[in-house]
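K.L.:
Encoded as structure tokens, here's the structure I'll be asking about.
The values are calculated or read from the model by the stated rules, or taken from the named source; none is laboratory data. As the structure is a prediction and not an experimental result, all values here were calculated from the model. Positions of Cβ are generated from backbone atoms using ideal geometry, with glycine treated the same way; all protein chains shown enter the neighbour counts.
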Amino acid sequence: CILVVGLALATSGIIRIFQNISELDPESILQVIFPVLIGLGVAMSSFFRILKPRTGIVGDERTKRAVEKAGLYAFLILSGLLIASASVAGILQLNINFSLAVIVLLYIGIFSWGILTYYFDKKGDLE
């Protein structure tokens, strides 16, 4: 049920993006991007919650190592993206609204941590 709500919120935000594509006002962009990001966050968290087996809720040492490793990689991804975006903006003299960029990069960091945690914590999966 929560997965459907998240997907509906993201879809409505995407539809609003295509309706307001001619407007480049940063405040209107924020009003359109927030529902998409929140909807994707809700959908992704509920999707991972559905896929997680009930026996995997109690964390063991392997799970803790997987979460720590995913956190390190997500931090490195986030740091690299921040450095790359600031470098490109400085070199090319772009007028970038970094308040919006920080929000987008924050969601990239959160999503990458969730995906990497799921990837590193595959218990019993044969590769």
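K.L.:
Out of Ala89, Ala101, Ala66, I need the residue that is at pLDDT 80 or above, out of contact with any Pro (no Cβ under 7 Å at 6 or more places or on another chain) and surrounded by 14 or more Cβ atoms within 10 Å (Cβ to Cβ). Which one?
P.N.:
Result: Ala66 is the single residue among Ala89, Ala101, Ala66 that is at pLDDT 80 or above, out of contact with any Pro (no Cβ under 7 Å at 6 or more places or on another chain) and surrounded by 14 or more Cβ atoms within 10 Å (Cβ to Cβ).
K.L.:
Now for a separate question. Return the pairs, sorted by first residue and then second, in which the second residue is hydrophobic (A, V, I, L, M, F, W, C) and surrounded by fewer than 15 Cβ atoms within 10 Å (Cβ to Cβ), the first residue lies in the stretch 96-122 and is farther than 19 Å from Ser79 by Cβ, the beta carbons are less than 6 Å apart, and the residues are 6+ apart or on different chains.
P.N.:
Tyr118/Phe48
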